[in-house]
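J.: Below is the structure I would like to discuss, written out as structure tokens.
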Amino acid sequence: MTPARRSGVPGAARIVALWAAATVGGAAQESAPESRARDAAASRPSEALALEEALRARLAAPMPRLDLDLAMFGDAFFGSKPEGVRFTDDGRKVVFSWRRPEERERGTFVYDVASGALERLDDAVAPPRAGVLDADRRRRLVIKGRALVFETIAGDDVGKSVELMRFDGEPSEPRFAAGGRAAFVRVGRALWRVPVDGPGAAVIATWRDGPPEKKESPSPADSRARRLRDQFERQERGWFRVLFEKAERKKAETRPKHADDLEPKSYEAPPGWKVDDADPDPTGAFVVFRLSRPAATAPRRDRIAAFVTDSGYLETPDARAKAGDAVSESRFVIVSTADGAAKDVRTPEAPAGLRVESVRWSQDGAWC
């Protein structure tokens, strides 16, 4: 393919080199205030700044065919992806983070659904808070630090905020249970059910990754050595009281003292699989675990040439795997929170190597 050329503008190789020289010093400016970015821009190469303006002018003009110079211009050519897209509490506006093609900094934008007006919020203005709304859109769950907070956003108690529970770990993925009288929240590898109007918070599910897959059976010599080691440890505990008491204390730590201390049976993934996500149904009776494991054969990766480097030497970092190469496979399992019974969800018509990306429940918990 022959790139389109226009008079007065160098070829792709020179543009890339000068553009890189301009942006190496400006990379740290991406998150700096605009005033500091403008001050720093004065120290960038003047020739590269002129090239940037020329490229931006070409972006605004009709393009009869793909231009390699502009394609190498980066996301200013192919567009910046909006992130963190969400509705406001009243459902009338959409909030997201985005960078306009003509700007160097990302910002928070608000789009009015009715009028179609798009507004960029001032950097000093806090964006609308993100939370999980109940079915009536009158209350929401918000994570503040390590606390799960219940807020009223409509009705007589509007503005009321209640801290439902503070956790030792970082809570995430809050959601309302059916009826809105309780909330589910994930903390580490445990799933909590927290009432919104009283005590009674409890763990309804825990999980752990599966053990490594056994590649081959141990040799007779290894099996004999393991048996001898176990026998020696038992003899040591029989001869030395301190070792016996240490083993008994370890057993007592894992044994519940009262019936109320019983925790739900922990789900363990099959050998070689790890748990990526846990999604409770609205009633809390079941949890879907999404599992994944690496492909049997690691994908082969290309190497790319990096000419503009801190060291000044050519470097060849690994590139992503090519499209179509097997990277991983996934599956999902439905587990009962009452007795820990697990059921594989299978789709016979699906091709091999199926990847499950997300799981959603119906509001009554009857369908997944």
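J.: I'm told R189 meets every condition in (1) touching a residue at least 40 places away in the same chain (Cβ under 8 Å); (2) buried (at least 18 other Cβ atoms within 10 Å of the Cβ); (3) closer than 21 Å to D276 by Cα except one. Can you identify the failing condition by its number?
T.: R189 satisfies all of (1) touching a residue at least 40 places away in the same chain (Cβ under 8 Å); (2) buried (at least 18 other Cβ atoms within 10 Å of the Cβ); (3) closer than 21 Å to D276 by Cα except (2).
J.: Looking at segment 40-63, is at least one residue modelled with pLDDT under 75, surrounded by fewer than 17 Cβ atoms within 10 Å (Cβ to Cβ) and among the hydroxyl-bearing types (S, T, Y)?
T.: Checked segment 40-63: at least one residue is modelled with pLDDT under 75, surrounded by fewer than 17 Cβ atoms within 10 Å (Cβ to Cβ) and among the hydroxyl-bearing types (S, T, Y).
J.: Does any residue in segment 127-148 that is closer than 15 Å to E173 by Cα come within less than 6 Å, Cβ to Cβ, of a residue that is aromatic (F, W, Y) and open to solvent by less than 60 Å² (accessible area, probe 1.4 Å) six or more places away or on a different chain, and which pairs are these?
T.: Matching pairs, first to second residue: D134/F176; R146/F167.
J.: Further, regarding this structure: Within segment 193-201, is even one residue open to solvent by less than 50 Å² (accessible area, probe 1.4 Å), farther than 30 Å from E53 by Cβ, in a loop (DSSP other than H, G, I, E, B) and in contact (Cβ under 8 Å) with a residue 24 or more places away in the chain?
T.: yes
J.: Name the residues in segment 43-75 that are among the charged types (D, E, K, R), outside any loop (DSSP other than H, G, I, E, B) and over 19 Å from E103 (Cα atoms), would you?
T.: Within segment 43-75, E47, D69 qualify.
J.: Can you confirm whether segment 100-121 contains a residue that is polar (S, T, N, Q), open to solvent by 50 Å² or more (accessible area, probe 1.4 Å) and modelled with pLDDT of 90 or more?
T.: yes
J.: Would you check which residues across segment 104-137 are hydrophobic (A, V, I, L, M, F, W, C) and part of a loop (DSSP other than H, G, I, E, B) and list them?
T.: Passing the criteria: V113, A114, A117, L121, A124, V125, A126, A130, A135.
The values are calculated or read from the model by the stated rules, or taken from the named source; none is laboratory data. All figures in this text were calculated on a predicted structure; none of them were measured in a lab. Because the Cβ atoms are built from the backbone with ideal geometry, glycine has one as well, and the counts that use them run over all protein chains shown. Quick note on the areas: whole protein, heavy atoms, side chains included, nothing else; ligands and nucleic acids left out. Shrake-Rupley method; radii C 1.70, N 1.55, O 1.52, S 1.80 Å.
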